[in-house]
Amino acid sequence: MRAVIKGIGSYLPEHVMTNAEMSKIVETSDAWIQERTGIQERRIAAEGQFTSDLGYEAAKAALSDAGMTADDIDLIIVATSTPDLTFPATATIIQEKLGMKHGAAFDIQAVCSGFIYGTHVANALLRSGGAKRAILIGAETFSRILDWTDRGTCVLFGDGAGAVLIEAIDDAQENVEAGILHTFVRSDGRHRDMLYVDGGPSRTQTVGHLRMLGNQVFKHAVTDIAQVMRDCAERAGVKISDIDWFVPHQANQRILNAVAKRLKLRPGQVISTVAHHANTSAASVPLAMDRAVKDGRIKRGDLVMLEAFGGGFTWGAALLRY
Ligand code: UT7
């Protein structure tokens, strides 16, 4: 069995918050944010608009792209660290919004690496017969967990959602080349204090705010992302130089540039949406991939590497033929 991406979609909230608007909230400047991160603007969810609303819109777009309806799918996985509620899972809320009374739905929490972890899990379930068609969604409202007095973090994040529809295909019966070729995920809990949220149901009974030692996270991110992509490609028996497109987690343009330099990637091979989306955590990879598919850069048959790095630390890569 192979797990093949049949559709992709995304959704961004309407409100565009520019760096100029940000500089009215904290002591910062458009020049500093652009120079240190490449971010020009980010989207912020409206009052009363929740992670499930963003994820639902992205799921509908992926279904429509695949020419399918909710009746055709039997699994929903949502990668998020900003669920609507502590429980039930945001995936079950989206299941209800889609009018789905069958199948199963659950959330995955691996912070910014959530979509890669989700790809890892969806691939395993689809290939082993655990589901036939899954919608994998990365959806976040990080604006709700930011400390809006901390200029070192609040300027970096945004809200959004992206989704893919993945189908299990028997490659003995259908001659398909497309599909997820390999996924490789890692974590190292020793570094959890470098990027975390200082609240939670069990410890504080509050939601808490995001805390980060930015420059230390930066160094780990560059090293670990470069290594996990090398490992993923090697395990798949593919050379980095044979890969057409790289869709990275969109945390900071300087991280994208440093990783590209280490892996000697060709100019223009790395999909970047960080200028307009900022860091949307688990949503950033599918949002960036959707952009590159819709504008015609990523085409059917292309070899694509996805990667992400986030709190935990967690990190990982997924290699696929689109
Ligand atoms: O998605 C999960 C993964 N997350 C990441 O990968 C984020 C990784 N980290 C980063 O992207 C960068 O470390 C940051 C963008 C967060 C910070 O960039 P930096 O080059 O590491 O700056 P820094 O934290 O070392 O701060 C440099 C200076 C400090 O001032 P002093 O102490 O040198 O006087 C900060 O106070 O920049 C100051 N600063 C700001 N100035 C204006 C920090 N934030 C801001 C700001 N506006 N928003």
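Remarks
- Radius 13 Å from Cβ of ALA260, net charge of other residues (Lys, Arg +1; Asp, Glu -1): +4
- Share of pairwise Cα separations in segment 2-174, more than 25 Å, in percent: 36
- A straight chain from LYS132 to ILE240 at 0.36 nm per residue would run longer than the Cα-Cα distance by 35.8 nm.
- Gaussian network model of the chain, Cα within-10 Å springs - most flexible of THR37, THR28, THR273: THR28
- Cross-link pairs LYS6/LYS132; LYS264/LYS294; LYS219/LYS294; LYS101/LYS132; LYS60/LYS101; LYS239/LYS299 - those with Cα-Cα distance over 24 Å: LYS264/LYS294; LYS219/LYS294
- Whole-angstrom gap from segment 1-62 to segment 255-293, using each part's C-alpha centre: 14
- Rounded, prolate or oblate (a/c below 1.5 giving rounded, otherwise prolate when a/b exceeds b/c) for segment 179-321 by Cα gyration tensor: prolate
- Legend: calculated FRET efficiency, ASP231 to ARG192, from the Cβ-Cβ distance at R0 = 30 Å, rounded to 0.05, equals 0.85.
- Percentage relative contact order, the chain, counting C-alpha pairs under 8 Å, at least six apart: 26
- With each label modelled as a point 7 angstrom along the Cα→C-beta vector, the GLU35-ARG297 pair spans 2.6 nm.
- Cα centroids of segment 142-157 and segment 169-235: 21 Å apart.
- Given in Å, the Rg to one decimal and the Dmax to the nearest whole number for the Cα atoms of the chain are 18.4, 60.
- Computed extension gain for ASP72 through ASP150, at 0.36 nm per residue and net of the alpha carbon distance, reaches 23.6 nm.
Every number here is computed from the coordinates shown, using simple stated rules; none is lab data. Given the structure is predicted, the values throughout are model-derived calculations rather than measurements. When we count neighbours, we look across all protein chains shown, and the Cβ atoms used for this are built from the backbone with ideal geometry, even at glycine.
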